């Protein structure tokens, strides 16, 4: 891209490309809020700035009542990267911001070193955590976002200040819709779906699942994360209980998974419990061999978690090995 441009300064060119993508994200934040919104309830009713909601919304976090700067601290994306940074520096000099890390806009420019004027990557700040995926965001979500970023890169329509303001208002209205309501500008989303579908043809089947995801959610609002949350929890109180239960289950899963990796490393390769260097133990945890059947493996894990006694283990030869493992499994806690 740089070689095909008329620019002679690579750093300035790269900053310009990142700013172009950021502006497109800002202009299409309504789409991100619709597709990924997942904060339908206000769980902090002591915040006087947030009104008492009479119904679940799509994404309180990405609305005007969410994680945003005060109106006097607003940073725009309407000119270029240099002007954007100058706005931040001015607010810092006025004492309105402590540092650029307090800029809560939809996109943040991350640099290699804070005092250097070269963008390393973009931080997209308008994605709610998806509670239905253990990682908080699914691979299909990431594929769709990847495809959208490519689309934004090649999209060359002019974004005026008034257009960006219009889209900001649209974004806020989208966030404050009920979670099962149809997207306000559904036709715009359908047009984008058609464009990115043609773009995806150049990459084979890589983005097919991402395309299916956007189609499902645009055509059926009940498929969006916010709508699915409301089915699981109808109000803020139920949401708190449901989220706590889900969080505890995920914590238990990760703890058990880590114990399983340690158990695999020691029992498979070191049943005599000889001393191991951390490097060797990590190697065994990350690349375990398969020595036992699935049933035998499950029995060993059940013993470690206290679900069965050692005399219930079968076959019998597992018992002395697991007893020894029991003595050292706390290494993983």
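The values are calculated or read from the model by the stated rules, or taken from the named source; none is laboratory data. Owing to the predicted nature of the structure, the values given are computational and were not obtained by experimental measurement. All Cβ positions, even for glycine, are placed from backbone atoms using ideal geometry, and neighbour counts span all protein chains on display.
Summary of values
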{"quantity": "Some residue of the stretch 108-117 being touching a residue at least 60 places away in the same chain (Cβ under 8 Å) and either assigned to a loop (DSSP other than H, G, I, E, B) or assigned by TED's automatic domain parsing to the domain that holds residue 195 (or both)", "calculated": "yes"}
{"quantity": "Scan of the stretch 241-257 for residues that are in contact (Cβ under 8 Å) with a residue 24 or more places away in the chain and either within 20 Å of residue 127 (Cα to Cα) or surrounded by 16 or more Cβ atoms within 10 Å (Cβ to Cβ) (or both), ordered by number", "calculated": "243, 246"}
{"quantity": "Residue ID - surrounded by the fewest Cβ atoms within 10 Å (Cβ to Cβ), chosen from residues in the stretch 112-133 that are touching a helix residue (DSSP H, G or I) at 6+ places or on another chain (Cβ under 9 Å) and modelled with pLDDT under 90", "calculated": "114"}
{"quantity": "The stretch 76-104: number of residues that are closer than 18 Å to residue 16 by Cβ and either more than 26 Å from the chain's Cα centre (by Cα) or part of a loop (DSSP other than H, G, I, E, B) (or both)", "calculated": "9"}
{"quantity": "Members of the stretch 200-215 that are on the phi < 0 side of the Ramachandran plot and either surrounded by fewer than 15 Cβ atoms within 10 Å (Cβ to Cβ) or outside the structural domain of residue 138 (by TED's automatic domain parsing) (or both)", "calculated": "201, 202, 203, 205, 206, 208, 209, 212"}
{"quantity": "Residues satisfying the stated conditions in the stretch 138-177, i.e. modelled with pLDDT of 95 or more, in contact with a helix residue (DSSP H, G or I) (Cβ under 9 Å, 6 or more places away or on another chain) and not in a helix (DSSP H, G or I)", "calculated": "177"}
